[in-house]
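Scroll down for the structure; my scribbles are underneath it.
The values are calculated or read from the model by the stated rules, or taken from the named source; none is laboratory data. In this text, all values refer to a predicted model and were calculated from it rather than measured experimentally. A quick note on method: Cβ atoms are made from the backbone with ideal geometry, for glycine too, and the neighbour counts reach across all protein chains shown.
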Amino acid sequence: MKKIGILFGMENTFPNAFIERVNSKGEDGIIAEAVTIDKVIQAAPSEYAVIIDRISQDVPFYRSYLKNAALAGTAVINNPFWWSADEKFFNNALAEQIGVPVPKTVLLPSKQRPENTTETSFRNLAFPMAWEEIFQYVGFPAYMKPHDGGGWKSVYRVVNPQDMWIKHEETGQLVMMLQEEIVFDDYVRCYCIGQKDVLVMPYEPRNPHHLRYAADLKAQGEEREKLLETIKDYTLKLNVALGYDFNTVEFAVRDGIPYAIDFCNPAPDADIYSVGRDNFEWVVEAAANMAIERAKKQVAGQINLTWGTFVSQAVNGISAPAASPAIPSAEPAAAPAPEKAPKAAKPAASKPAPAKAAAGKAAKPTKTETPAKPAKTADTTPSATEVKVKASVPKKPAKSLGAIATEPIPVAEPAEPKVPTTKAAATKAPAKNSKLKKS
């Protein structure tokens with residue numbers, strides 16, 4: 001007998017429906033139940049062939065239990081090793097490499113130094129950072145959000161550099177991302193199950209939670225069909241690359257182009273009261289079929305996890321696609337100005353994070369039209385004996401991390417920030433003679 005278990009917390013509708021659906025299919029030698037844990041002994045196998053994980057992101061004990069179970073042969077969905085390593089900033093970088101449009105995004109140091117670190121810990125961090133290039137690349141308005149967060153926590157809309165520095169004061173030890181804002185024409189949320197089944201759901205993130213799926217696409221006719229096909233293609237590409245068997249992907253559509261906004265949701269909302277009965281029915285059926293399929297393929301005593309192409313290609317020595325150009329370097333005053341980010345209308349809500357696409361997950365011009373840089377061939381790479389390594393010492397260690405402390409000022413007309421002298425920050429503002437233009 002092979003058991004399919006589901007590990008969950010507060011949610012009720014999906015886990016119970018999933019168990020009932022699997023058992024209703026009457027598959028010979030397969031049953032489903034809620035996971036029960038009475039002991040966890042190192043390297044000891046669990047009693048489950050498959051476990052659907054819905055809660056370990058919030059319970060470290062469960063995450064460690066799942067890794068131990070996977071080591072002993074359980075097919076854990078989603079892979080707990082990859083889920084532990086994954087984060088949103090990396091996902092954006094990977095999406096760019098595989099040709100899926102994503103927001104222009106940069107990584108920012110935390111406002112406060114992590115615990116048990118000192119000024120010396122950050123001697124490799126430039127002080128100040130290249131703020132002109134960063135702001136020219138992203139543009140304003142923009143959104144600032146945690147690089148590995150979720151649930152709309154600590155998301156800020158910022159309208160200019162000074163506004164960003166002020167709001168960065170509130171972020172503590174969080175490592176943040178800065179992303180361009182996108183005002184979307186359409187917005188969708190897609191379930192992807194088993195890296196093959198995709199359900200595209202029109203979604204309105206500005207509505208109250210229980211009404212977000214009460215929406216429809218504005219695109220119609222041939223335009224709609226083409227858009228849906230592109231969205232499905234991008235959804236599959238992302239989940240195959242990341243190795244997720246149960247995930248959601250959100251896209252903001254601007255000028256007919258779907259931009260991947262959020263695609264790191266390995267325990268996505270599947271409650272009937274939020275997603276609606278039809279969508280709920282689809283995900284229960286797809287998840288049950290996937291779990292049964294995985295149970296049939298599971299081989300006791302061997303690793304039965306799904307690994308994305310990013311990991312499998314690395315293990316097999318296959319080169320990753322060449323990355324697209326990153327932030328443009330600073331140019332002399334006479335050089336052409338860097339491309340400005342598209343202007344975006346302000347979201348309807350007056351508070352930060354009015355819409356998920358515009359909520360810091362702002363969309364990015366597509367990279368699919370940019371030819372990839374050719375990889376270096378073997379004959380152009382210097383041998384080990386030819387490489388000369390020059391030791392370097394950082395110019396200035398950062399004394400602390402984070403946004404510069406400033407006096408509150410009207411955001412609409414930013415003043416030059418006051419640079420502290422005793423507790424200078426790694427995210428120090430540009431000097432007064434900076435070339436940076438006020439927004």
Discussion item. Between Gly99, Gly149, which is surrounded by fewer than 22 Cβ atoms within 10 Å (Cβ to Cβ), modelled with pLDDT under 95 and part of a loop (DSSP other than H, G, I, E, B)?
Written reply: Gly149
Discussion item. Being more than 28 Å from Asp58 (Cβ to Cβ), in contact with a Lys or Arg (Cβ under 9 Å, 6 or more places away or on another chain) and assigned to a helix (DSSP H, G or I) is the requirement here; does Asp233 meet it?
Written reply: no
Worksheet item: Where residues in segment 45-65 are aliphatic (A, V, I, L, M) and within 22 Å of the chain's Cα centre (by Cα), which of them is nearest to Met1 (Cα to Cα)?
Response: Ile52
Worksheet item: Can you find a residue in segment 108-122 that is in a strand (DSSP E or B) and farther than 26 Å from Asp255 by Cα?
Response: yes
Practice prompt. Please identify the pairs in which a residue from segment 101-121 that is more than 22 Å from Phe89 (Cα to Cα) has its Cβ atom under 7 Å from the Cβ atom of a residue that is surrounded by fewer than 20 Cβ atoms within 10 Å (Cβ to Cβ), counting only partners at least 6 apart or on another chain.
Written response: Glu119/Pro397; Glu119/Lys399; Thr120/Pro397
Worksheet item: Do you know which residues across segment 289-303 are assigned to a helix (DSSP H, G or I) and among the aliphatic types (A, V, I, L, M)?
Response: Met290, Ala291, Ile292, Ala295
Fill in: Single residue of segment 29-48 satisfying the filter (assigned to a loop (DSSP other than H, G, I, E, B) and touching a Lys or Arg at 6+ places or on another chain (Cβ under 8 Å)) that is nearest to Asn16 (Cα to Cα)
Tyr48
Discussion item. Based on this model, can you work out whether Thr235 counts as more than 19 Å from Pro80 (Cα to Cα), within 20 Å of the chain's Cα centre (by Cα) and crowded, with 21+ Cβ neighbours inside 10 Å?
Written reply: yes
Worksheet, complete the sentence: Residues in segment 98-118 that are under 30 Å from Asn239 (Cα atoms) and among the charged types (D, E, K, R) total 1
Worksheet item: Going by the conditions given, is Phe140 over 24 Å from the mean Cα position of the chain (by Cα), crowded, with 19+ Cβ neighbours inside 10 Å and not polar (S, T, N, Q)?
Response: no
Practice prompt. Consider Phe61 carefully, then state whether it is free of Cβ contacts under 8 Å to residues at least 24 places away in the same chain and farther than 29 Å from Glu229 by Cα.
Written response: yes
Item to complete: Test Phe89 against the stated conditions and say whether it is in a helix (DSSP H, G or I), touching a strand residue (DSSP E or B) at 6+ places or on another chain (Cβ under 6 Å) and surrounded by 16 or more Cβ atoms within 10 Å (Cβ to Cβ).
Response: yes
